[in-house]
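Engineer: Attaching a single structure in C-alpha cells format; questions to follow.
Since every read-out is calculated from the coordinates, none of them should be taken as a lab result. Bear in mind that the values here come from a model prediction, so they are computed numbers and not experimental data. We place every Cβ from the backbone using ideal geometry, glycine too, and count neighbours over all the protein chains shown.
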Amino acid sequence: MTAIEPQKPEMKWDQTSFEKLKATWSPERIAADEKTLKKIFNLAAASPLMAEALAWAQQHDVKFFIDHQASANIGGYYAEGTGVLGVTESMLDNPASAVMVITHEIRHAWQDYQGFNAPDYVIVANNPDFTKHFIRYALVEADAKAYGDYAALQYQYKDAPNLLPSQDENAYFRKGFLSWFNSDRTKNFYGDWASKLYGQYYGVYKGTLPVGPLEFRSNVPPLGTGINIDNVKDVLRLGENFSGTKNYLAELDKLQPDLLPKKILNRSLADTFWGAANDNQKKLVTEIGEAYSRAQANRKNIRKQHALG
C-alpha cells in the first residue's frame, strides 16, 4: 500500500512583490545568500524550538532572504501578509542572537497565518483608538519575544540541555511573555514607534517614523484583522504552540486569572508605556489623546445629524 502524504495547507501569502524583487538579483547573489541561510538554519541543530519553528515555516511556504540594505542592529524582520522573512548576514557573528531572531520572526509569521496581526497603516485608519492598537502590538511582540528568548537559551545550553534553568517550556514562555511588559527598552522603543505613528495620523507629529532602510517592505495586508482584545478567549489563542497541542497563555490564565483582563488588556497599558518616554514624548501622547477625543466627538455629531435627516 502506498503511503499517503499529508495534505499541505492551502497557502494564502501574497508573495508577488517579493518574487519581482528576487527576479532582479543575480544568480551569484542568490547562491551566496542561500549558503549564508543554510549556515543560519544549521544552528537549529542546537535548538529544538528553532527546529520546530523552521519546520512550520517550511510547511507553510515561508520565504527567507538575506537583506543587504538593513543595518546590522535590525537583525531580522517579517513582512506581514507575504510570508517573507529577511535577515542580515551579520547574524552569523552571534549564533545565539541568530537563533533568537529567526525563531522570533517565524513566530510573527505564525501569528500572521493565524490572523493575529494587523498592519500599522491599516489599523490606524480603521481603528483610531490608539490604546487598543498598542495593546495588540504589545501582545504579538511579547509572544514572539517569549519564543525567541527560549530558543536562544536552548542554544546557549546546547552542550548541557539538562542544565536549562527551566525544563518546563511553557513556564519559560510565560516568564518571557510577561517580561516584555516590564522592560525599559520595550517601553521606549515600541512606545516611541506606536505614538509617532498615531501622531502622524492625527496631524500632531510632523517628524519621521524611526524606520531603518529595508530591502523589502510589505505592500499587502496581513491575513487577518488582528486580535480581538475585548475577548479574552481570543487573546488566549495567541499562546498556542506551532502544532496547536499546547497553550502557555491558557496556563497563565489559570495561574493568574485576572492578569490579562485587569493589567495587560487594560487601557492604561498604552499610557504606561508612552509615559515612560521623555517629556516631548509625553507631550505627544497627550496631544494624541486630545485629537482622538475630538475625532470621537465629531463622529457622534455626524451620526446625530444623519439620524435627524
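Engineer: Over 31 Å between Cα atoms, which of K206/K262; K145/K262; K196/K254 qualify?
Structural biologist: Details: K206/K262 34 Å; K145/K262 22 Å; K196/K254 36 Å.
In this structure, K206/K262; K196/K254 lie more than 31 Å apart at Cα.
Engineer: Counting pairs of alpha carbon atoms under 8 Å apart in space and at least six apart in sequence, what relative contact order in percent does the stretch 13-117 give?
Structural biologist: Numbers: 114 pairs, mean separation 30.7, N = 105.
Computed value for the stretch 13-117: 29 percent relative contact order.
Engineer: Please order F18, F116 by the number of other Cβ within 10 Å, starting at the fewest.
Structural biologist: Values: F18 20, F116 24.
Listing F18, F116 from fewest to most nearby Cβ atoms yields F18, F116.
Engineer: What Kirkwood hydrodynamic radius do you get for the stretch 13-117 when you take the inverse of the mean 1/r over all pairs of distinct Cα atoms, in Å? Write out the running numbers ahead of the final one.
Structural biologist: Values: mean 1/r = 0.0718 Å⁻¹.
Taking every pair of different Cα atoms in the stretch 13-117, averaging 1/r and inverting gives 13.9 Å.
Engineer: Additional query: Calculated from DSSP H runs of 4 or more alone, at -39500 (n - 2.57) each and per residue, what is the 222 nm mean residue ellipticity of the chain, nearest 500? Don't skip to the answer; put the middle values down first.
Structural biologist: On the way: 12 runs with 167 residues, N = 309.
About -17500 deg cm²/dmol.
Engineer: Once every Cα of the chain carries one equal point scatterer and solvent is ignored, give the base-10 log of I(q)/I(0) from the Debye formula at q = 0.10, 0.13, 0.15 Å⁻¹, two decimals.
Structural biologist: Computed log10 I(q)/I(0) values: -0.62, -1.02, -1.32.
Engineer: Do you know the relative contact order of the chain, to the nearest whole percent, from alpha carbon pairs under 8 angstrom that are 6+ apart?
Structural biologist: Numbers: 402 pairs, mean separation 62.6, N = 309.
In percent, rounded to a whole number, it is 20.
Engineer: Please return the longest range in the chain lying between exposed loop sites, taking GluC sites (Glu not before Pro), DSSP loop only, at most 16 other beta-carbon atoms within 10 Å, and leaving the sites out. Mind dumping the intermediate values first?
Structural biologist: Details: sites that count: E10, E215.
Longest gap between qualifying sites, sites excluded: 11-214.
Engineer: With +1 on each Lys and Arg Cβ and -1 on each Asp and Glu Cβ, how big is the dipole of the chain about its Cα centre, in debye rounded to the nearest 20?
Structural biologist: Values: 35 positive and 36 negative charges, 217 e Å.
For this selection, approximately 1040 debye.
Engineer: Give the order of S179, S195 when sorted by the count of other beta carbons within 10 angstrom, beginning with the fewest.
Structural biologist: By the 10 Å Cβ count, ascending, the order reads S179, S195.
Engineer: Also, quick follow-up: Measure up K132/K187; K63/K246; K175/K263 against 19 Å on the Cα-Cα distance and list the ones that go over.
Structural biologist: Details: K132/K187 16 Å; K63/K246 26 Å; K175/K263 15 Å.
From K132/K187; K63/K246; K175/K263, over 19 Å: K63/K246.
Engineer: Among L265, L163, L252, which one shows the biggest mean-square fluctuation in a GNM of the chain, springs joining Cα atoms closer than 10 Å?
Structural biologist: Largest GNM mean-square fluctuation: L163.
Engineer: Between the DSSP loop rule and a limit of at most 16 other Cβ atoms within 10 Å, which chymotrypsin sites (Phe, Trp or Tyr not before Pro) in the stretch 149-247 are left? Display every interim value, and only then the final one.
Structural biologist: Values: sites: Y150, Y155, Y157, Y172, F173, F177, W180, F181, F189, Y190, W193, Y198, Y201, Y202, Y205, F216, F242; in loops: Y157, Y202, Y205, F216, F242.
Those that pass, being in a loop and sparsely packed, are Y157.
Engineer: Determine the percent antiparallel among the DSSP beta bridges restricted to the chain, to the nearest 5. It would help to have the intermediate numbers written out before the result.
Structural biologist: Numbers: 5 of 9 bridges.
Just about 55 percent of them are antiparallel.
Engineer: Continuing with this model, one more query. Once fully extended, how much extra length lies between E34 and N182, figured as 0.36 nm per residue of separation less the alpha-carbon to alpha-carbon distance?
Structural biologist: 49.5 nm
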